Amino acid sequence: MPAAPRIRPADLFSPEDWAPFQSRRIWVGPLLVAHCWGVIALAVVAGVLWPLLIPLCVAVIGTRQLGLAILMHEAAHGGLSSDRRLNDFLGHWFCAVPVGASLNAYRPYHLAHHKYAQQVEDPDLVLSAPFPVSRASLRRKMVRDLTGQTFFKQRVLLPLAGLRGRAAQTTTDDHAYEAIVTGRSVAPFLLVNAALLATGVVAGVWWAFFALWLLPMATWFPMVTRLRNIAEHACVEGSATDPFRAARTTRACWWERAFIAPYWVNFHAEHHLFMHVPCWKLPALHRAVRARPQGERMEVAPGYLSVIRDASRKPETSPAN
């Protein structure tokens, strides 16, 4: 099986230039986890005090639920803390489990994606291969996300299929891959969410769990997860042969970082070039790589709207998906 093409740091940087990107800190990742939960807590409080803000709070919380998944991804690379035990504890119990994932299941799956990025063995290839699609097709997918259909399939149908011994991930649906990380963590997910519900009951706002935690997870979270997946790898010409084009970086303005792409997840081309660089150093790595002649080969989109237009440029030919 051919692995994805790679470069070495020495191909671009002197040892002195590369040194800042190698260091990790024990405390930065925990602060990011605390920030993510802090934003969620503030949005829940705002929604409880001013119910008119609930639609906005749903978008903020759903994006931070994606943020938890992103920080789980960081932990899968050992980048959440230089202390491995703290890295794995935070990545699993504070990031993965609350949104229904499992760090232990996700890590080998995701590292296989890096090893075979955009090759036929890439387990994530199913996410990017169908694109471009038509506008109508993308619109239907997003409607399924925002109406809870994607959530129901991921969190109910796929785990049930797993309990019945059926290999749910053999389907070609572009969200079935999530059975790898959601279908194996049902009990911890239910336990943690029961604790969140109990907290709301004790606080006298039991309804907040459903309106300001479960609703974002069932609607906004699947949609921005889809947009993230599209932006990272879809429609990047030469992605299977050029390490500088294995993924796309998307320039994100403040509102895109707030509602679509938290915690520097938009710097995905740099992440695939050097996957062990911590996420908070990716903006500096982006500038350093782009300053080299080779960096001009990278796929850099001006924003997520541009990516959506590119990924939905195919003419409508049939009502399928």
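The values are calculated or read from the model by the stated rules, or taken from the named source; none is laboratory data. Computed from a prediction, not measured in an experiment: that's the story for all the values here. Don't worry about glycine lacking a Cβ; one is built from the backbone with ideal geometry, like all the others, and counts go over all protein chains shown.
Can you find even one residue in region 237-255 that is under 16 Å from residue 69 (Cβ atoms), in contact (Cβ under 8 Å) with a residue 40 or more places away in the chain, assigned to a helix (DSSP H, G or I) and of a type in the set (Phe, Trp, Tyr)?
Initial filter on region 237-255 (under 16 Å from residue 69 (Cβ atoms)): none.
No - not one qualifying residue is present in region 237-255.
Could you check, for region 71-90, whether at least one of its residues is among the acidic types (Asp, Glu) and either surrounded by fewer than 21 Cβ atoms within 10 Å (Cβ to Cβ) or over 30 Å from residue 112 (Cβ atoms) (or both)? Spell out how you get there, then give the answer.
In the first step, residues of region 71-90 are kept if they are among the acidic types (Asp, Glu); the result is 74, 83, 88.
Then drop every residue that is not either surrounded by fewer than 21 Cβ atoms within 10 Å (Cβ to Cβ) or over 30 Å from residue 112 (Cβ atoms) (or both), which leaves 83, 88.
Checked against the condition, which is being among the acidic types (Asp, Glu) and either surrounded by fewer than 21 Cβ atoms within 10 Å (Cβ to Cβ) or over 30 Å from residue 112 (Cβ atoms) (or both), region 71-90 yields at least one hit.
Can you confirm whether region 75-86 contains a residue that is at pLDDT 95 or above, within 24 Å of residue 284 (Cβ to Cβ), in a helix (DSSP H, G or I) and touching a Cys at 6+ places or on another chain (Cβ under 7 Å)?
Checked against the condition, which is being at pLDDT 95 or above, within 24 Å of residue 284 (Cβ to Cβ), in a helix (DSSP H, G or I) and touching a Cys at 6+ places or on another chain (Cβ under 7 Å), region 75-86 yields at least one hit.
If you take the residues in region 59-104 that are of a type in the set (D, E, K, R) and under 15 Å from the mean Cα position of the chain (by Cα), which one is farthest from residue 216 (Cα to Cα)? Explain how you work it out, then say what you get.
Of region 59-104, the ones of a type in the set (D, E, K, R) are 64, 74, 83-85, 88.
This time we only want the ones that are under 15 Å from the mean Cα position of the chain (by Cα), so: 64, 74.
On the way: 64: 10, 74: 22 Å.
Applying the filter and picking the extreme gives 74.
Of (1) assigned to a helix (DSSP H, G or I); (2) under 25 Å from residue 147 (Cβ atoms); (3) not hydroxyl-bearing (Ser, Thr, Tyr), residue 261 satisfies all except one. Which?
Every condition holds for residue 261 apart from (1).
Six or more apart or on different chains, Cβ under 8 Å: which pairs go from a residue in region 96-107 that's closer than 18 Å to residue 64 by Cα to one that's outside any helix (DSSP H, G or I)? Could you list them?
Final answer for the pair search is 96/102; 96/185; 97/185; 100/185; 101/185; 102/184; 102/185.
Pairs only if they're at least six apart or on different chains, beta carbon under 6 angstrom, first in region 212-223 and touching a residue at least 12 places away in the same chain (Cβ under 8 Å) and more than 15 Å from residue 53 (Cβ to Cβ), second assigned to a helix (DSSP H, G or I) and not hydrophobic (A, V, I, L, M, F, W, C); list them, first residue then second.
That search, which allows pairs on different chains as well, returns 217/65; 221/62; 221/65; 222/145; 222/150; 223/145.
Inspect all residues belonging to region 190-213 and state whether any of them is at positive phi and surrounded by fewer than 19 Cβ atoms within 10 Å (Cβ to Cβ).
Filtering region 190-213 down to residues at positive phi leaves 204.
Retained after the next criterion (residues that are surrounded by fewer than 19 Cβ atoms within 10 Å (Cβ to Cβ)): 204.
Checked region 190-213: at least one residue is at positive phi and surrounded by fewer than 19 Cβ atoms within 10 Å (Cβ to Cβ).
Out of everything in region 103-147 that is part of a loop (DSSP other than H, G, I, E, B) and of a type in the set (A, V, I, L, M), what residue ends up being modelled with the highest pLDDT? Full working, then the answer.
Narrowing region 103-147 to residues part of a loop (DSSP other than H, G, I, E, B): 116-124, 129-134, 147.
Next, from what is left, pick out any that are of a type in the set (A, V, I, L, M): 117, 120, 129, 133.
Numbers: 117: 92, 120: 91, 129: 90, 133: 95.
If we take residues in region 103-147 being part of a loop (DSSP other than H, G, I, E, B) and of a type in the set (A, V, I, L, M), then 133 is modelled with the highest pLDDT.
Report whether or not residue 39 is assigned to a helix (DSSP H, G or I), farther than 18 Å from residue 276 by Cα and either acidic (Asp, Glu) or out of contact with any Lys or Arg (no Cβ under 8 Å at 6 or more places or on another chain) (or both). Reasoning before the result, please.
Numbers: assigned to a helix (DSSP H, G or I): yes; farther than 18 Å from residue 276 by Cα: yes; either acidic (Asp, Glu) or out of contact with any Lys or Arg (no Cβ under 8 Å at 6 or more places or on another chain) (or both): no.
Considered against the rule, which asks whether it is assigned to a helix (DSSP H, G or I), farther than 18 Å from residue 276 by Cα and either acidic (Asp, Glu) or out of contact with any Lys or Arg (no Cβ under 8 Å at 6 or more places or on another chain) (or both), residue 39 comes out as no.
Go through (1) modelled with pLDDT of 75 or more; (2) under 17 Å from residue 95 (Cα atoms) for residue 178 and report which single condition fails.
The one condition residue 178 does not meet is (1).
Under the condition of being among the charged types (D, E, K, R) and buried (at least 20 other Cβ atoms within 10 Å of the Cβ), which residue from region 105-125 is nearest to the chain's Cα centre (by Cα)?
Taking region 105-125 first, the residues among the charged types (D, E, K, R) are 107, 115, 121-122, 124.
Of the ones still in play, those that are also buried (at least 20 other Cβ atoms within 10 Å of the Cβ) are 107, 122.
On the way: 107: 13, 122: 17 Å.
For region 105-125, the residue satisfying everything is 107.
On the basis of being of a type outside the set (S, T, N, Q) and more than 28 Å from residue 310 (Cα to Cα), does residue 96 make the cut? Spell out how you get there, then give the answer.
Numbers: of a type outside the set (S, T, N, Q): yes; more than 28 Å from residue 310 (Cα to Cα): yes.
Here the answer is yes, as residue 96 does meet what is asked.
So which residues in region 258-282 are farther than 23 Å from residue 5 by Cα and without any contact (Cβ under 8 Å) to a residue 24 or more places away in the chain, if there are any at all?
Matches in region 258-282: 264 only.
Mind listing just one residue for me: the one in region 26-60 that is loosely packed, with under 14 Cβ neighbours inside 10 Å and in contact (Cβ under 8 Å) with a residue 24 or more places away in the chain and, of those, farthest from residue 263 (Cα to Cα)?
26
Do you know which of the residues in region 1-19 that are among the hydrophobic types (A, V, I, L, M, F, W, C) and at pLDDT 90 or above is nearest to residue 112 (Cα to Cα)? It would help to see each step written out before you state the result.
As a first pass, look at region 1-19 and keep what is among the hydrophobic types (A, V, I, L, M, F, W, C): 1, 3-4, 7, 10, 12-13, 18-19.
If we keep only those that are at pLDDT 90 or above too, we end up with 7, 10, 12-13, 18-19.
Details: 7: 17, 10: 24, 12: 25, 13: 26, 18: 25, 19: 27 Å.
If we take residues in region 1-19 being among the hydrophobic types (A, V, I, L, M, F, W, C) and at pLDDT 90 or above, then 7 is nearest to residue 112 (Cα to Cα).
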